[in-house]
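**Q** This is the structure I have questions about; it appears just below.
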Ligand SMILES: Nc1ncnc2c1ncn2[C@@H]1O[C@H](COP(=O)(O)OP(=O)(O)OP(=O)(O)O)[C@@H](O)[C@H]1O
Ligand SMILES: [Mg+2]
């Protein structure tokens, strides 16, 4: 991944474009990587994650986990199976809950973690997490700000 302190800013003009960017992001991610997404309701966090998952060859629907907080998908990377863990922390009360869920097993495991509302787990996110802040500019335009990531 990009080096520490790296900043990348991207503007997309449709949900499809955000998904395409997500798919291209999958090429830059691998086992043990974590991506933390933030942005208002409807910003496009799930949309971007759908793109990342399609980049990993995930089949079937990718939707926000609601009651369980974590969805697991089977993806592939270089012909090998790769587990994708999709978190949605919107309903998370505090960091404690996430620790109780055993988040470290995911965050420090061999899969790829994609975390919506990542700021709610600020203390728990592994070093080297790629942070993506999504901002709605207008109805169809989104600004994606990427920071961090692995060195
Ligand atoms: N450029 C764009 N990129 C992403 N989504 C867009 C864009 N333009 C419009 N949209 C629309 O914005 C919405 C994004 O919804 P999405 O569920 O991905 O948001 P979210 O950030 O996950 O919200 P929540 O916090 O509720 O989970 C979709 O309805 C999508 O079609
Ligand atoms: Mg969402």
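Read-outs throughout are calculated quantities, based only on the coordinates presented, and are distinct from any laboratory measurement. Quick caveat, the model's predicted, so the values are computed rather than measured. Neighbour counts are summed over all protein chains in view; Cβ atoms, including those assigned to glycine, are modelled from backbone coordinates with ideal geometry.
**Q** Give me 16, 116 ranked fewest to most by other Cβ atoms within 10 Å of their Cβ, as a rough exposure proxy.
**A** 16, 116
**Q** Roughly how far apart, in whole Å, are the Cα centres of the range 1-72 and the range 93-151?
**A** 10
**Q** Here's another thing I want to ask about it. Percent antiparallel among DSSP beta bridges with both residues in the chain, to the nearest 5?
**A** The answer is about 65 percent antiparallel.
**Q** Mind sorting 41, 89 by how few other Cβ atoms lie within 10 Å of their own Cβ, fewest first?
**A** Neighbour counts put them in this order, fewest first: 41, 89.
**Q** Then there is this: Pulled fully out, how much extra length does the chain show between residue 138 and residue 15, if you take 0.36 nm times their separation in residues and subtract their Cα-Cα distance?
**A** 43.0 nm
**Q** Run the helix sum for the chain: -39,500 (n - 2.57) per DSSP H stretch of 4+ residues, divided by residue count, reported at 222 nm to the nearest 500 deg cm²/dmol.
**A** Here the helix-only value at 222 nm equals -6000 deg cm²/dmol.
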